[in-house]
Each structure stands twice: as C-alpha cells, then as structure tokens.
Amino acid sequence: MPQQRRTRPAAEPLSARLARGAAVAGSLALLPLTAACGGGGGEAAEDRPSAGTSTVSAQQAGVVAPAKVEVIAGLTGCTATIRVQAEELREGSCHTAAGDYLITTFPEDRLLEVWLDSASSYRGTYLVGTRWVVSGQPKTLKAFRPKLGGDIVRLTGPAGPSVP
C-alpha cells in the first residue's frame with residue numbers, strides 16, 4: 001500500500017495578515033459610527049422607567065442569547081449578512097422592519113472590552129451581552145433586550161460607559 005505524504009499548508013504571507021488586520025481595525029473604527037448616526041436624541045418619557053418601577057433585566061429573567069451572530073439575528077427576526085469574519089470578531093448586518101442594526105460577536109471577553117473602549121470614542125447606545133454587541137437605534141435595542149438579554153449601554157466618550 002503506497003504511503004500518502006502529508007504536506008504543510010503554505011504559511012499565510014505577511015502582507016495578507018497585515019491586510020486582514022487592517023480590515024478588522026477599520027471595521028472596529030467605523031462600526032460605532034454607523035450605530036451612532038441619528039442616535040443622539042434623548043429618550044422619550046414613556047421609554048424611561050418611572051419612579052418606584054422595578055426593571056428586571058433579561059439576564060435576571062434567565063434570557064441570554066448565545067454569542068453567535070446567526071443565532072442572535074434569528075432571535076431578532078433577521079437573517080444576518082456577515083460583513084466581517086476574523087479571529088477577533090464576527091459581524092453581521094441586519095435590515096428589518098424594526099430597523100437596521102449590526103451584531104458583533106467576540107471569542108473572548110477581553111476582545112469585547114477592547115471593542116467597547118474603541119467604540120466609546122464615537123459615543124452611541126449599544127445592547128451589550130456576554131461576548132456580543134448589537135449596535136442600532138435605542139428604540140430597536142430596547143425592543144430586543146427582552147429577547148436577547150444583555151444591558152443597554154450608552155457610551156459617552158473617554159469617561160466610560162453609562163447604563164441608562
């Protein structure tokens with residue numbers, strides 16, 4: 001019986017690795033801009049909890065979406081179009097009647113933290129879960145929170161995030 005010879009896959013050229021890294025960095029820099037546009041308005045009074053009202057988070061209620069773009073998209077009624085697929089993150093875009101939004105997932109908690117630090121420069125409101133972020137209009141994020149869990153976080157710049 002003839003022996004089969006194993007060959008090593010060719011190493012990825014440095015230029016390809018650098019190009020992929022630049023694409024990921026560019027995505028990280030531009031993604032918050034897409035979510036922040038038009039989101040500068042204040043919350044409507046009916047969207048704010050009134051004094052004495054208790055708000056239960058979806059996590060407290062036991063609702064938590066897994067960190068997979070396709071699953072989160074399905075829970076929001078969308079079939080995501082994958083825009084970025086890299087080791088550091090996956091990003092999908094959704095266009096539904098609820099609005100346009102982006103879903104970004106991360107393989108590690110620290111990568112989510114790096115993304116949030118970068119996004120804080122652009123400000124904006126995000127629905128943040130365990131290793132995932134949904135970027136969109138605040139009204140859309142509020143509608144998704146009971147389905148996905150997570151916390152609605154308003155990034156206010158270099159001072160850090162605030163929870164509305």
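The values are calculated or read from the model by the stated rules, or taken from the named source; none is laboratory data. Everything numeric here is computed off the predicted structure, so don't read it as measured data. Neighbour counts run over all protein chains shown; Cβ positions are idealised from the backbone, glycine included. Ligands, DNA and RNA are stripped out before the accessible areas are found, and what is left, the full protein with its side chains, is counted by its heavy atoms. Shrake-Rupley method; radii C 1.70, N 1.55, O 1.52, S 1.80 Å.
Observations on the model:
- Any hit, the stretch 138-146, residues being polar (S, T, N, Q), out of contact with any Lys or Arg (no Cβ under 8 Å at 6 or more places or on another chain) and in a helix (DSSP H, G or I): yes
- Only listed residue being small (Gly, Ala, Ser), closer than 23 Å to Pro138 by Cβ and touching a Cys at 6+ places or on another chain (Cβ under 9 Å), chosen from Ala119, Ala98: Ala98
- Selection status of Ser118, over 15 Å from Ala73 (Cα atoms) and surrounded by 15 or more Cβ atoms within 10 Å (Cβ to Cβ): yes
- Whichever residue in the stretch 147-164 is more than 11 Å from Gly124 (Cα to Cα) and open to solvent by 90 Å² or more (accessible area, probe 1.4 Å) and, among such residues, is modelled with the highest pLDDT: Lys147
- So Ala97, is it open to solvent by 20 Å² or more (accessible area, probe 1.4 Å) and modelled with pLDDT under 95: yes
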